[in-house]
Amino acid sequence: MQVLRVTGGARLAGTVDIVGAKNSVLKLMAAALLAPGETTLGNLPAISDVHIMRQLLERLGCEVTETTDGATDAVRILTPDIPLSEAPYELVRKIRGSICVLGPLLARTGHARVAVPGGDAIGSRPLDMHFAGLERMGADIRTEHGYVVAEARELRGAPIWLDFPSVGATENIMTAAVLAKGTTVIDNAAREPEIVDLCTMLVNMGAQIDGIGSSTLEITGVEALRPTSHDAVADRIVAGTWAMAAVATRGDVTVRGADAAHLQIALHKLSRAGAEIEVLANGFRVAMDDRPKSFDVVTLPYPGLATDLQPQAIALLAVADGVSMITENLFEARFMFCDEIARMGADVRTDGHHAVVRGKERLSGAPVRATDIRAGVGLVIAGLVADGITEVAEVHHIDRGYVRFEEQLQSLGAQVERVESDSFGA
Ligand code: EPU
């Protein structure tokens, strides 16, 4: 089995470059369906999601070409006048985020058949708010033989309140509303930087959207959109991962190409832990000399601290001075990570959506398994602050969100290699 073998003890020092956000890729690519003609997207991270979404767009009748420089991909998407409308299970199940084709397909063709993505390792991920929003705009939605079937003779703008600021629901409703008749107001909308990224692209395509970056989006439908060129926003979660790793290892890392404003709460927490944070013109620097001090974490929709940084924070707090309380408000199963880091000697106890971490001087290297992308990088950070060797299995999870992860770690001075291991049996 392929693992990342981490030898603990290094202090991370140097510079890393941040490319476009994984969580923008699918949405930007799906938005290309909204306008016939040639859309070009750049600064996409060179990850498998781009290839899978490419296959999905091809199944929907688009012609897609991809170029890569190893770190970033660029795609050219030629969208037909009338796209096909079936997104098959064999592709949707590989990346649940591909449900984001629902809004654009419904808006363009009045009909969409998209596989229901199914189970997920980080917890239950219902789609009720996606459906309720589209239904308010006049769509008829039912689930048939594992597929969401959505139909609308005409989509009409409507007032929509989300029970929770869901990223995916906001995106699907927004991408349907841009071509609907009249005005849609989404209240309690998500306002993640990736939503702003998608809004920016849609506006460049001719969409009318007010309130971008706020929790009330007002979208007035237009007759047609035109294709555009767009570069994805920098990945704040990858940037935050490096910041956590720098503090955990008492290192000094410059994160280039990231926007510190997208990580305000996370960076504030790290400065409370004792880190020196310097905001630069094109990124930020995080430096730490002493053992970090404990802090509490509550995950919340943006601008709250991202659930996608929670495992990395736990890895750091596992070696902090003091006791920390972590409250996970989005994905309950993310605490599966705690059972793995406990194998490395971390003192973590969970109860429902709370975890208590009692920091120790060091962890102890062990074979562990990544259960999702963020758990994977959290375990690598834990390996960096552990005595001896940690082998992190299920590396494919890490590869889904981090481009050239071990190369970047090595360039910062970490001892990490990708090897075959028999620690996990056959
Ligand atoms: N929810 C519902 N009903 C819905 C939709 C969501 O109850 O109809 C709940 C979810 O169960 C969850 C909460 O609302 O408890 C938030 O879910 P949201 O819809 O915001 O998440 P998502 O769009 O499915 C995206 C990212 C996730 C990230 C979350 C939260 C993509 C492809 N995925 O998921 O990224 O954790 O937003 O920020 O954009 C990751 O990168 O590791 C990852 C899981």
What number of residues within the stretch 390-412 satisfy the criterion of being within 17 Å of R374 (Cβ to Cβ) and out of contact with any Lys or Arg (no Cβ under 8 Å at 6 or more places or on another chain)? 9
Every residue from the stretch 357-383 that is within 22 Å of D290 (Cα to Cα) and open to solvent by 20 Å² or more (accessible area, probe 1.4 Å): R358, G359, K360, E361, R362, S364, G365
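So for the stretch 323-330 (the condition being away from the ligand (no atom under 16 Å from the Cβ), of a type in the set (S, T, N, Q) and in contact (Cβ under 8 Å) with a residue 60 or more places away in the chain), does at least one residue qualify? Give the steps one after another, and end with the answer.
Pass one, the stretch 323-330, residues away from the ligand (no atom under 16 Å from the Cβ): 323-325.
Checking the rest, the ones that are also of a type in the set (S, T, N, Q) come to 324.
Right, trim to in contact (Cβ under 8 Å) with a residue 60 or more places away in the chain and you get none.
No: zero hits.
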Can you tell me which condition Q208 does not meet? The list is (1) farther than 24 Å from I18 by Cβ; (2) within 16 Å of the ligand (Cβ to nearest atom), and all the others hold. (2)
Taking the stretch 46-62 and keeping only residues that are farther than 20 Å from D81 by Cβ and of a type outside the set (D, E, K, R), one is left with A46, I47, S48, V50, H51, I52, M53, Q55
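Would you call V6 of a type in the set (V, I, T), within 15 Å of the ligand (Cβ to nearest atom) and under 22 Å from I398 (Cβ atoms)? First the steps, then the outcome.
Numbers: of a type in the set (V, I, T): yes; within 15 Å of the ligand (Cβ to nearest atom): no; under 22 Å from I398 (Cβ atoms): yes.
Against the criterion (of a type in the set (V, I, T), within 15 Å of the ligand (Cβ to nearest atom) and under 22 Å from I398 (Cβ atoms)), V6 does not qualify.
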Which numbered condition trips up P126, out of (1) within 16 Å of the ligand (Cβ to nearest atom); (2) touching a helix residue (DSSP H, G or I) at 6+ places or on another chain (Cβ under 7 Å); (3) assigned to a loop (DSSP other than H, G, I, E, B)? (2)
Would you be able to say whether some residue in the stretch 285-307 is part of a loop (DSSP other than H, G, I, E, B) and over 29 Å from T254 (Cα atoms)? no
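Scan the stretch 339-359 and give yes if some residue there is assigned to a helix (DSSP H, G or I) and within 14 Å of the ligand (Cβ to nearest atom), otherwise no.
Let us first name the residues in the stretch 339-359 that are assigned to a helix (DSSP H, G or I), namely 339-342.
Still in the list and also within 14 Å of the ligand (Cβ to nearest atom): none.
No, the conditions are met nowhere in the stretch 339-359.
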Within the stretch 190-220, residues closer than 19 Å to A32 by Cβ and β-branched (V, I, T) come out as I195, V196, T200, V203, I209, I219
Name every residue in the stretch 21-37 that is among the small types (G, A, S) and within 16 Å of the ligand (Cβ to nearest atom), in order of residue number. A21, S24, A30, A31
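Would you pick out the residues in the stretch 382-417 that are part of a helix (DSSP H, G or I), away from the ligand (no atom under 15 Å from the Cβ) and either at positive phi or in contact (Cβ under 8 Å) with a residue 60 or more places away in the chain (or both)?
At the first step, the residues of the stretch 382-417 found to be part of a helix (DSSP H, G or I) are 382-384, 396-399, 405-411.
With the extra rule that they be away from the ligand (no atom under 15 Å from the Cβ), the set shrinks to 382-384, 406-411.
Correct list: A382, G383, L384, E406, Q408, L409, S411.
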Can you pull out every residue in the stretch 69-123 that is farther than 29 Å from V403 by Cβ and within 15 Å of the ligand (Cβ to nearest atom)? V116
Residues being in a helix (DSSP H, G or I), in contact with a strand residue (DSSP E or B) (Cβ under 8 Å, 6 or more places away or on another chain) and either open to solvent by 40 Å² or more (accessible area, probe 1.4 Å) or not hydrophobic (A, V, I, L, M, F, W, C) (or both) - total across the stretch 40-56: 2
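Checking the condition of a type in the set (D, E), surrounded by fewer than 24 Cβ atoms within 10 Å (Cβ to Cβ), closer than 28 Å to A260 by Cα and out of contact with any strand residue (DSSP E or B) (no Cβ under 6 Å at 6 or more places or on another chain), which residue from D351, D290 passes?
Values: D351 fails: closer than 28 Å to A260 by Cα.
One residue alone meets the criteria, D290.
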Flagged in the stretch 306-319 as open to solvent by 10 Å² or more (accessible area, probe 1.4 Å) and more than 15 Å from E194 (Cα to Cα), in numbering order, are none
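Report yes if V185 is over 19 Å from the mean Cα position of the chain (by Cα), closer than 24 Å to A32 by Cβ and away from the ligand (no atom under 11 Å from the Cβ), otherwise no. Full working, then the answer.
Working: over 19 Å from the mean Cα position of the chain (by Cα): yes; closer than 24 Å to A32 by Cβ: no; away from the ligand (no atom under 11 Å from the Cβ): yes.
Criteria not met by V185.
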Does A169 meet the test of being under 26 Å from E90 (Cα atoms) and crowded, with 22+ Cβ neighbours inside 10 Å? yes
Search the stretch 106-134 for residues that are among the polar types (S, T, N, Q) and at pLDDT below 85 and pair each with any residue that is open to solvent by less than 40 Å² (accessible area, probe 1.4 Å) and in a helix (DSSP H, G or I) when their beta-carbon atoms are under 9 Å apart and the residues are at least 6 apart or on different chains. S124/A333
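Quick one: would you say V6 is at negative phi, over 18 Å from the mean Cα position of the chain (by Cα) and among the aliphatic types (A, V, I, L, M)? I'd like the intermediate steps shown before the answer.
Numbers: at negative phi: yes; over 18 Å from the mean Cα position of the chain (by Cα): yes; among the aliphatic types (A, V, I, L, M): yes.
For V6, the condition - at negative phi, over 18 Å from the mean Cα position of the chain (by Cα) and among the aliphatic types (A, V, I, L, M) - is met.
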For the stretch 322-348, name all the residues that are under 20 Å from D120 (Cβ atoms), of a type outside the set (G, A, S) and open to solvent by 20 Å² or more (accessible area, probe 1.4 Å). N329, L330, F331, E332, M336, D339, E340
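Looking only at residues in the stretch 8-33 that are basic (K, R) and part of a helix (DSSP H, G or I), which one is nearest to A207 (Cα to Cα)?
Step one: list which residues in the stretch 8-33 are basic (K, R), which gives 11, 22, 27.
This time we only want the ones that are part of a helix (DSSP H, G or I), so: 22, 27.
On the way: K22: 23, K27: 15 Å.
Top of the filtered list is K27.
The values are calculated or read from the model by the stated rules, or taken from the named source; none is laboratory data. Note that the structure is a prediction, hence the values are computed from the model and not measured. Neighbour counts run over all protein chains shown; Cβ positions are idealised from the backbone, glycine included. For accessibility, only protein heavy atoms count, side chains too; no ligands or nucleic acids. Shrake-Rupley method; radii C 1.70, N 1.55, O 1.52, S 1.80 Å.
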